[in-house]
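Since every read-out is calculated from the coordinates, none of them should be taken as a lab result. Model, not experiment: these values are computed from the prediction. Don't worry about glycine lacking a Cβ; one is built from the backbone with ideal geometry, like all the others, and counts go over all protein chains shown.
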Amino acid sequence: MGESDALPKGSQPEGARNQQEASRRVREMFTRIAPRYDLLNHLLSAHMDRLWRARTARELNSILERPDAVVLDLCCGTGDLAFSMRRNAKAQIIGVDFSHCMLVRARQKAQAANKAAPLPFLEADALRLPFADGTFDLVTSAFGFRNLANYEDGLREISRVLKPGGTIGILEFTEPAPGILGDAYRFYCRSVLPKIGGWISGDTDAYAYLPKSVGQFFRPEQFAALLKTAGYVQVRFRLMTLGSVALHLALRP
């Protein structure tokens, strides 16, 4: 990655001067938008977000179908990826997020979906997870990793809690290649999405930050390189929906 391609070590919300402020501002933002978060996810993606999560669950099915597997869904938000993975899974799945308000909604959805055995959702920081080394067979994250205050620290912490040979699966937005469709996508994300999201949520700052954070995040090839630098092996990615979403997969050696 050359100097012209230099990217921040982590998320950079407006006005944040260090990692602690970046983390605090992201938490506050998700607290504010939690009441309309699910509605806007589905609306602004034309319900494609459901398909992206379902495809991710299918890609990881060989792990999810194992009754002995333990899975961590990191930056789980209101739990949609965890629920997608749970649909046909035998593995134990745990969701973690540092936004209390998002977790309240995840727990409500879990209780409604399965009153006998709702999915567990825990409040914790992705950079300081309360789990022992080598706990999980799979760690996932859907559209939350790019909001971490430090990407390299996040990958190291995921590696720490993964078992040797465990899998990391990160689903993230990315910008499509230049061209008519890619340019149309960028226009929608930068000009249309912030207005609709700001109007419905009542938080224009949040829905200005979210598409901007996509533009600041790694391109798929760059993130694959970062995974390799962090020590992961068998690194690959799969693009979806005109290259606007990437599922990154790798193993802890």
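Calculate how large, on average over all directions, the projected area of the Cα convex hull of region 70-109 is; give the answer in nm² to one decimal.
Working: hull surface 9.9 nm².
Quarter of the Cα hull surface area: 2.5 nm².
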Query - Listed residues Ser45, Ser84, Ser159, most fluctuating in the chain (Gaussian network, C-alpha, under 10 Å) - result: Ser45
Report summary line: If the label point sits 7 Å along Cα→Cβ of Lys90, residues of region 122-145 with amide N under 18 Å come out as 137-138
Query raised in the report: Tell me which lysines have Cα within less than 17 Å of Lys212's Cα, excluding those fewer than 8 residues away on the same chain?
Result: Lys9, Lys195
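Please work out the FRET efficiency for the pair Asn114 and Asp68, using the Cβ-Cβ distance as r and a Förster radius of 30 Å; give the result to the nearest 0.05. Spell out each step's value before the answer.
Numbers: r = 21 Å, r/R0 = 0.69.
Efficiency, rounded to the nearest 0.05: 0.90.
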Query raised in the report: Using the beta-carbon distance between Ser191 and Leu43 and R0 = 22 Å, what value does 1/(1 + (r/R0)^6) give for FRET efficiency, to the nearest 0.05?
Result: 0.85
Query raised in the report: So for the pair Lys9, Arg156, with labels modelled 7 Å out along Cα→Cβ, what separation do we get in nm?
Result: 0.9
Query raised in the report: Pick from Thr140, Thr229, Thr174: which residue has the top mean-square fluctuation in a GNM of the chain where Cα pairs under 10 Å get a spring?
Result: Thr229
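What is the antiparallel percent of DSSP beta bridges lying wholly in the chain, to the nearest 5?
On the way: 14 of 32 bridges.
About 45 percent, rounded to the nearest 5.
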